[in-house]
1. Throw me the Rg/Rh for the stretch 8-126, computed over C-alpha atoms with Kirkwood Rh, two decimals.
2. Express the relative contact order of the stretch 8-126 as a whole percentage, based on alpha carbon pairs under 8 Å and six or more residues apart in sequence.
3. Evaluated at 20 °C with a viscosity of 1.002 mPa s, what Stokes-Einstein diffusion coefficient in µm²/s does the stretch 50-104 have when Rh comes from the Kirkwood expression over alpha-carbon pairs?
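Quick note: the coordinates plus some simple rules give every number you see, no bench work behind them. Here the structure is a predicted model, which means the values were calculated and not measured.
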């Protein structure tokens, strides 16, 4: 028998690649992790080890109905599961912030290569 409706997981696979940040609502809290409603009849799963970089984080600190943002870590077509990670999203945001800060500080200190030049630049800025 032919399938009459489009597969909702197919659109997720087509639109969201690994590393994409998705928003969803916690549907179920389990001991192994969280089941997230991503809309359009698609569910994602966040393993308890991917909830936070904090080793003490547990699914019990979340409640059904809470809104969450997580990064797509994989989409398994066979098991029809979208695996998500809050830990990976937080790490990626932190890495982006560090990179931006590094670029900003490098552009401000361009051309100053030694302590004397840095002190002179600082003194000129204070005047």
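1. Numbers: Rg = 21.0 Å, Rh = 16.8 Å.
Here the Rg-to-Rh quotient is 1.25.
2. Working: 175 pairs, mean separation 27.0, N = 119.
Relative contact order here is 23 percent.
3. 163 µm²/s
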